[in-house]
Each structure stands twice: as C-alpha cells, then as structure tokens.
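Down below is the structure, laid out as structure tokens.
The values are calculated or read from the model by the stated rules, or taken from the named source; none is laboratory data. Remember, predicted model here, so these are calculated numbers, not experimental data. A quick note on method: Cβ atoms are made from the backbone with ideal geometry, for glycine too, and the neighbour counts reach across all protein chains shown. Areas reflect the complete protein model, heavy atoms only, side chains present, ligands, DNA and RNA absent. Shrake-Rupley method; radii C 1.70, N 1.55, O 1.52, S 1.80 Å.
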Amino acid sequence: MRPADLLIPRPEGLYCPPGDFFIDPVRPVARALVTHAHSDHATPGHGAVLATRETLDIMAIRLGDAFAGTTQATSYCEAIAIDGVIITFHPAGHVLGSAQIEVAAPALRIVAAGDYKRTSDATCTAFQPIPCDVFITEATFALPVFRHPPPAQEIAKLLHSLAQFQDRTHLVGCYALGKAQRLIALLREVGYDAPIFLHGALRRLCAYYVAEGIPLGELSDATLSRGRARDFAGQIVLGPPSAFEGAWIRRFTDPLIAFASGWMQVRARARQRGVELPLIISDHCDWPELSSTIVELDPSQTWVTHGREEALVRWCTLQGRTARPLHLVGYEDEAED
Ligand SMILES: [Zn+2]
C-alpha cells in the first residue's frame, strides 16, 4: 500500500479510505478520530468519535453531552482494529488527553502527530517519538525565527513584575484548555502559593484537571463586587483572551495586561493586543523542536500541515528529505495555541 492510499487530505480533514474515518475533521462526518479537544480539532456533530477518555470528557464539557452520535474512549498505546487498519493513540505532550494517531497497514505506518510539543509540561503526558514511514507534523511555529525561551524564564518575568508593581492587578490572558492550567502549574512549580484568581470561563476546565489528579493549588473566582477592585491588587488573575476585549478588564483598577502564548514572540501581535507583559509560553513545538523531531524520527516522508507548511517543507527538501504540504483548511493558527 502507498501512503496516499492510507491517508489523503479531503476538505473535511485527513481521510483514511480503508478504515473509512477522518482525523480531526472540521465538518460533521460519520466517523472521526480526534487528536485533542482544542476547538479547531474537536468539532461537534460527528456520527461517531474515537478519542482518549480525557479528550472525550473535555469535548463534553465544552460542547455538551450530545456532541456526537456515539463515542469510544481509547488509552495511549492501545491498538484498535478498524476494517483492517490498526489505530493506536500515543501521547503528544500538547494538552491533557492530546494524542498522536498512528495508522498502520501491513508494511506501512503513518503517524499524525496533531498539535505537539517536546518541552516538559506537568499537566499532560510527554510526547512519545513513534518510528514511522510517514510523519505528519504541525507547522504552527515553523520558521527558524521561532525559538521559545524556557517557560521558567517567562514565569520569572511575571513574578518580577508582580514584586515591582504590587498595586496593580496582573491580568494574564490565556486559553482555557491547556494554557491556563500549565501557567498555574508553572507558577506552583516555582513556589508561588498565593490564590490564583480565575475568570468564569476557565473554571470548569481547571476543575477537570484537578479532578484528573493535576494539582493546581488554591484557585478562586475573580468575581468583582462593586467598589472592591482593590481586592485584586498585587494578585494574578487569569482570563480567556475574549474577556480582554470586553468590559471585564475595565473593572480592575490599573490592570497590568499580560498574555501567555507562543505568539508573544512577535512584538507586533503583543502591541496589537495591548499587552504590556508578553509571556512566551507555547504548547507547540518551536523551530528547533520541529526540525530535531523530524531528524530523530527519520521518516521516509514528512507531511506538513497547520501553519508555515512551505517553510518546513523547504527545510526538509534542503536536508534531502521527502516532504509535502497537506494544505488542509479550517485550522486556525491562533485559535487556541
Ligand atoms: Zn491544539
């Protein structure tokens, strides 16, 4: 079997003809395999969804219990046969429950990594390199200029600012799934044990992580009663990016706006969002991680999707590697990074 007979790009997503399923389809399909619960990968309305238990739980929290006709939970490293194709989910190190999906037929193994990172993250299982013939990699930060600093360095910046500006509320923008919990875990790792205040949109997923055994310390609601804005002076308050565009932040006195994202390396993006304290914390691979992962796995073919496809394909070609862009549509580079 040729790789293109096992997985092909279609408008709905990556399709497996012999197994008759899609990986991370962006439109409703009969059978979907979902790598992780970020909204551009985990969409509602499929007939059947196969994913890790954590991904299914998070989809239910975000989309409601009726997000699919039927669901099937799998665990990392468990092999499942679908019409002669063997499917195995492996850890991707991106967010809780995130998986790479291995699709194997006789003498051919393709691994669709989904979103992944190699940096350590206490809130999810670490990426596991899986030898394969075809490796499908994301390319969100696939330009040599993208080099993410150590997360501890960014956390130190936040704590330094907190010590320096004790009268200001430090409002940190972060996505609700993965980034918020990782940010909290990183703060706890360096001994920050004060309560961390949460916008309502972050509560349920933080509670889910805690229920899954990931300690996040004391969390409290960032509920403002009239005239009590000073309650949050010198505190860390986390909120989703959408809240920073509304009236919510104006209720805090003299807020200091921070934002945690891999995109904060791009100064123009920080400025555009009115971010005073950009924190470069990413749940995706940076350029060195992407290129070293491809070298480590040494697949016969690399397929590139989600982001700067052409740059990574060109790098592969210059290295003498066979690579192609998949040109899948419907995935947003800044939807939830
Ligand atoms: Zn993601």
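Below is a table of values for the structure above.
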read-out	value
Scan of the stretch 261-318 for residues that are among the charged types (D, E, K, R) and assigned to a helix (DSSP H, G or I), ordered by number	Arg267, Arg269, Arg271, Glu289, Glu296, Glu309, Glu310, Arg314
Residue count for the stretch 6-25, restricted to those that are touching a residue at least 24 places away in the same chain (Cβ under 8 Å) and open to solvent by 50 Å² or more (accessible area, probe 1.4 Å)	2
Total residues in the stretch 279-295, condition without any contact (Cβ under 8 Å) to a residue 40 or more places away in the chain and within 14 Å of the ligand (Cβ to nearest atom)	0
Condition met for Val295 (touching a strand residue (DSSP E or B) at 6+ places or on another chain (Cβ under 7 Å) and under 25 Å from Gln128 (Cα atoms))	no
Looking only at the stretch 91-108, and only at residues there that are surrounded by 24 or more Cβ atoms within 10 Å (Cβ to Cβ) and over 10 Å from the mean Cα position of the chain (by Cα), the one that is farthest from the ligand (Cβ to nearest atom)	Val103
From Glu245, Glu309, residue being modelled with pLDDT under 95 and over 30 Å from Leu7 (Cβ atoms)	Glu245
In the stretch 26-65, the residues that are within 15 Å of the ligand (Cβ to nearest atom), assigned to a loop (DSSP other than H, G, I, E, B) and surrounded by 19 or more Cβ atoms within 10 Å (Cβ to Cβ)	Val34, Thr35, His36, Ala37, His38, His41, Ala42, Thr43
Counted residues, the stretch 127-145 - those being more than 16 Å from the ligand (Cβ to nearest atom) and either loosely packed, with under 14 Cβ neighbours inside 10 Å or in a loop (DSSP other than H, G, I, E, B) (or both)	9
Sole exception among (1) at positive phi; (2) open to solvent by less than 20 Å² (accessible area, probe 1.4 Å) for Ile196, by number	(1)
